[in-house]
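The values are calculated or read from the model by the stated rules, or taken from the named source; none is laboratory data. Quantities reported herein were computed from a predicted structural model and do not represent experimental measurements. For neighbour counting, all protein chains shown are included, and Cβ atoms are generated from backbone atoms with ideal geometry for every residue, glycine included.
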Amino acid sequence: MHPRLTLDISWSELISAALAPGGPAPGEADWRRVFSDGELVEALSVRTLFDAILTVLDRNDSAPILMTGVTIANMAEIASAHGRTIIAVDLDPHTLLPPPGALLDAQAQSGAKICVIAHLYGAVSVCPDVEALRARGVTVIEDEAQAFAGAGFNSGDPSASASLFSFGPIKRATALGGALGVFRDAKLAEDVAAVLAEHPRKSDVWFRQRAVKYLALKALNTPALYGALIGLIQARGKDPDTVIGAAARGFSGDDLLTAIRHAPPDRLLALAARQANACPDPSERRAAVARFLDQLPQGVRPPGTGADRHAWWLLALLHGEPASAVAALRQAGFDATRGATSLRAIDPDATPNAARLIKHAVYLPHPAHMSQAAAERMAQAVTEIEGWLSP
């Protein structure tokens with residue numbers, strides 16, 4: 001069984017994270033080789049950064065927040081915890097961003113002073129509304145958690161107030177956690193850093209234990225062991241999506257704000273900086289997806305193909321009956337899933353394209369993480385399944 005989850009970190013880095021003596025936190029020069037503009041702020045997660053930004057902005061504003069129609073559920077939960085009403089703006093399925101003018105219209109109608117733009121699946125496009133929103137006094141936050149792919153691919157829109165990058169467990173260049181905010185508003189960066197400085201720091205022992213957990217998960221990523229794991233989970237009457245998703249999740253439990261309001265240990269930050277610098281250009285990943293898509297029937301294409309650039313963090317196809325497509329692909333030896341991420345449509349009634357995306361998405365094991373022969377077999381399995389939808 002080819003797994004849906006492949007940790008983007010070497011064995012040597014994982015073993016070092018678990019066993020090697022701790023070193024100093026990275027200096028600014030370590031990050032600047034990848035992120036050359038703005039003020040840099042380190043944090044435990046993108047959620048932590050977003051919570052701190054809202055803590056700062058709550059002092060002068062309680063207006064609604066604009067959010068692009070699909071985002072991580074926790075981001076909406078954090079906004080709600082700050083007493084903010086969320087205005088969801090629908091997506092163009094070909095770019096995975098709102099069409100030009102949609103955010104401006106929503107801002108004019110709502111009076112929102114914060115806008116959160118999530119770049120999905122590794123697709124990155126310039127959002128034409130950002131400069132106009134900033135001119136209206138709106139703080140524009142880019143959630144780039146799914147869009148990092150190394151130096152030179154994407155370091156955020158220089159017109160945005162802040163771009164937030166994640167090194168969480170399932171991300172490219174994972175450090176098993178950690179995040180970096182690139183702020184073009186120096187005062188906001190200073191105030192956010194002051195909020196984060198009050199958070200208690202996670203211990204070195206906590207991170208060592210975390211590294212051991214992910215060493216075990218990486219060991220299970222070989223197709224033979226992964227297939228045995230899926231069989232064992234099913235034999236115990238449990239849902240593989242639920243069990244594997246929980247194992248890979250960065251945060252769990254009911255008290256989200258308590259969980260995210262911590263500072264990362266130096267060991268984690270040092271790993272994140274090394275991983276960011278070592279992340280390869282996504283050209284081979286893009287080529288693997290292109291080869292795979294070329295073998296599919298005409299019209300069977302993933303959402304986001306119209307983006308300016310695509311790093312293909314995830315590969316999703318849409319199906320009329322996604323549960324049946326998942327079952328057929330698993331039968332063929334490919335652990336497709338409907339729940340590979342915690343992405344949600346924030347307001348399904350108001351955002352039909354976003355709702356359709358989440359309702360019908362089937363996430364495939366990534367072609368870049370398997371042999372070309374295996375990718376060809378997966379393409380054949382997809383071709384034999386009827387009911388795929390166009391984006």
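Any idea how many residues of the stretch 258-279 are touching a helix residue (DSSP H, G or I) at 6+ places or on another chain (Cβ under 6 Å) and of a type outside the set (Val, Ile, Thr)?
Total meeting the criteria: 5.
Taking PHE165 as meeting all but one of (1) modelled with pLDDT of 95 or more; (2) over 20 Å from ARG33 (Cα atoms); (3) buried (at least 21 other Cβ atoms within 10 Å of the Cβ), write down the number of the exception.
The single condition PHE165 does not satisfy is (2).
Being of a type outside the set (Ser, Thr, Tyr) and surrounded by fewer than 19 Cβ atoms within 10 Å (Cβ to Cβ): is that true of ARG134 here?
Yes; evaluated as a whole, the condition is true for this residue.
Under 8 Å between Cβ atoms, which residue pairs at least 6 apart in sequence (or on different chains) link something in the stretch 357-382 that is free of Cβ contacts under 8 Å to residues at least 40 places away in the same chain and under 14 Å from ALA328 (Cα atoms) with a partner that is part of a helix (DSSP H, G or I) and hydrophobic (A, V, I, L, M, F, W, C)?
Listed pairs, sorted by first residue: none to list.
Taking the conditions exactly as written (out of contact with any strand residue (DSSP E or B) (no Cβ under 8 Å at 6 or more places or on another chain) and either of a type in the set (A, V, I, L, M, F, W, C) or within 18 Å of ALA79 (Cα to Cα) (or both)), does GLY111 satisfy them or not?
It is true that GLY111 is out of contact with any strand residue (DSSP E or B) (no Cβ under 8 Å at 6 or more places or on another chain) and either of a type in the set (A, V, I, L, M, F, W, C) or within 18 Å of ALA79 (Cα to Cα) (or both).
Scan the strands (runs of 3 or more DSSP E) fully inside the stretch 72-158 and keep the ones with 2 or more residues being closer than 24 Å to ALA175 by Cα and among the charged types (D, E, K, R).
Answer list for the stretch 72-158: 139-143.
From LEU215, LEU164, LEU196, grab the single residue that is touching a helix residue (DSSP H, G or I) at 6+ places or on another chain (Cβ under 9 Å) and under 21 Å from LEU5 (Cα atoms).
Just one listed residue meets the conditions, LEU215.
Test of understanding: among ALA118, ALA145, which residue is crowded, with 19+ Cβ neighbours inside 10 Å, of a type in the set (A, V, I, L, M), free of Cβ contacts under 8 Å to residues at least 60 places away in the same chain and closer than 14 Å to VAL46 by Cβ? Outline the logic, then answer.
On the way: ALA145 fails: free of Cβ contacts under 8 Å to residues at least 60 places away in the same chain.
Answer to the check: ALA118.
Please determine, by comparing only the residues of the stretch 30-50 that are in a loop (DSSP other than H, G, I, E, B) and among the polar types (S, T, N, Q), which one is surrounded by the most Cβ atoms within 10 Å (Cβ to Cβ).
SER45
Evaluate the following for PRO200: is it modelled with pLDDT of 95 or more, under 23 Å from GLY23 (Cβ atoms) and surrounded by 22 or more Cβ atoms within 10 Å (Cβ to Cβ)?
In short, no.
When you scan the stretch 254-356 for helices (runs of 4 or more DSSP H) that lie fully inside it, which ones turn up with 1 or more residues that are outside the structural domain of ASP92 (by TED's automatic domain parsing) and closer than 26 Å to PHE165 by Cβ?
Numbers: elements: 256-260, 266-278, 283-294, 322-331.
Per the criteria, 256-260, 266-278, 283-294.
It is to be established whether one or more residues within the stretch 334-352 are without any contact (Cβ under 8 Å) to a residue 40 or more places away in the chain and of a type in the set (S, T, N, Q).
Taking every residue of the stretch 334-352 in turn, none turns out to be without any contact (Cβ under 8 Å) to a residue 40 or more places away in the chain and of a type in the set (S, T, N, Q).
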